[in-house]
Ligand code: RB5
């Protein structure tokens, strides 16, 4: 498995922690920055990570900012991206099972490091259930396609 990861200055420390955790799980991580505490604009990093997901250069994306909100708003503007901002383990599991979320967003100023890693694991370890949920994802895609 290959995961693209990106953060703004608010998420840079959590990004490093999650990167180490993913590597310990044997997952290949592609880092799209930022790698310093200097102020940057989260849309730039959201766009880089979601582009990698869209082009299937990676399997999934993880985006981190202070709240996770800016990253999730930006990511969900991108066609084919189903980005889920999660602050609890139940939602992380459910958004893979039901929404087949291909990008996970986290708020580094919202969740502590221990909970963040549990959220990442719950999302990665869950499987998309398909079935009745596919009809709903098809409707999301139809809404996207109607905007072309
Ligand atoms: C940056 O200060 C902050 O606005 C950003 O990390 C994020 O929380 C935006 O949604």
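Laboratory data are not the source of any read-out in this text; all were calculated from the coordinates shown. Remember, it's a predicted structure, so these values are computed and weren't measured experimentally. Using ideal geometry, Cβ is built from the backbone for each residue, glycine included, and neighbour counts are taken over all protein chains shown.
Quick notes
- Single residue of segment 96-123 satisfying the filter (over 19 Å from residue 10 (Cβ atoms) and surrounded by fewer than 22 Cβ atoms within 10 Å (Cβ to Cβ)) that is farthest from the ligand (Cβ to nearest atom): 97
- Positions within segment 28-46 being surrounded by fewer than 17 Cβ atoms within 10 Å (Cβ to Cβ) and within 16 Å of the chain's Cα centre (by Cα), in sequence order: 28, 30, 31, 33, 43, 44
- Selection from segment 1-20 of residues that are away from the ligand (no atom under 14 Å from the Cβ), closer than 23 Å to residue 69 by Cβ and surrounded by fewer than 21 Cβ atoms within 10 Å (Cβ to Cβ): 16, 17, 19
- Qualifying residue in segment 105-118 (condition: farther than 25 Å from residue 42 by Cα and either touching a helix residue (DSSP H, G or I) at 6+ places or on another chain (Cβ under 7 Å) or part of a helix (DSSP H, G or I) (or both)): no
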